[in-house]
1. If neighbour count is taken as other Cβ atoms inside 10 Å, put 178, 114 in order from fewest to most.
2. Dividing the alpha-carbon Rg of region 44-190 by 2.2 N^0.38 Å yields what?
3. Note down, for region 133-193, the three equivalent ellipsoid semi-axes (square root of 5 times each alpha carbon gyration tensor eigenvalue), biggest first, whole angstrom.
């Protein structure tokens, strides 16, 4: 009787180990890496520009409302929090459990009005994983807005502001993002026709 239990135990142990190795091999496999999207310059000559200065608290509310609207009818499960950095909290399926995921980014406003989020830290539970591996998972596993382009190999997220779907054909350009000083400035272009 003892030998059957030992054999069964080692078979089960081997299956679990093979499953874990398989998950890590699939997660580390290269994905199709698209290049940074260049922002299309919209025709804003006839639009009315509004310069806006805001703070982290108010922008947190707007971002999460926008994400909530985008998430309707999808399996999206993540939140964004602005502190001294941009933090993304979500979950990651692992066998029958959900592991907690936290990504922290440093935002940078670009001259063309787009924004880049440079990876600062990443963790799954308390485990530190390679940034590119987790970004590949986020890229494949989350239903992100069209404006968000994840670049795992460069360890950054590129946000094309022209691709944000806003009501009334409003366009947004990011001018400055200094989260430590709570100084966030952008320009809103509203159609005047």
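1. Going from least to most buried by this count: 178, 114.
2. Details: Rg = 15.7 Å, N = 147, 2.2 N^0.38 = 14.7 Å.
Normalised by 2.2 N^0.38 Å, the Cα Rg of region 44-190 equals 1.07.
3. Numbers: eigenvalues 135, 62, 13 Å².
Ellipsoid semi-axes (Å, largest first): 26, 18, 8.
Rule-based calculations on the coordinates, nothing more; no lab input. Just so you know, these numbers come straight off a predicted model, no measurement behind them. So basically every Cβ, Gly included, is an ideal-geometry build from the backbone, and we count neighbours across all protein chains shown.
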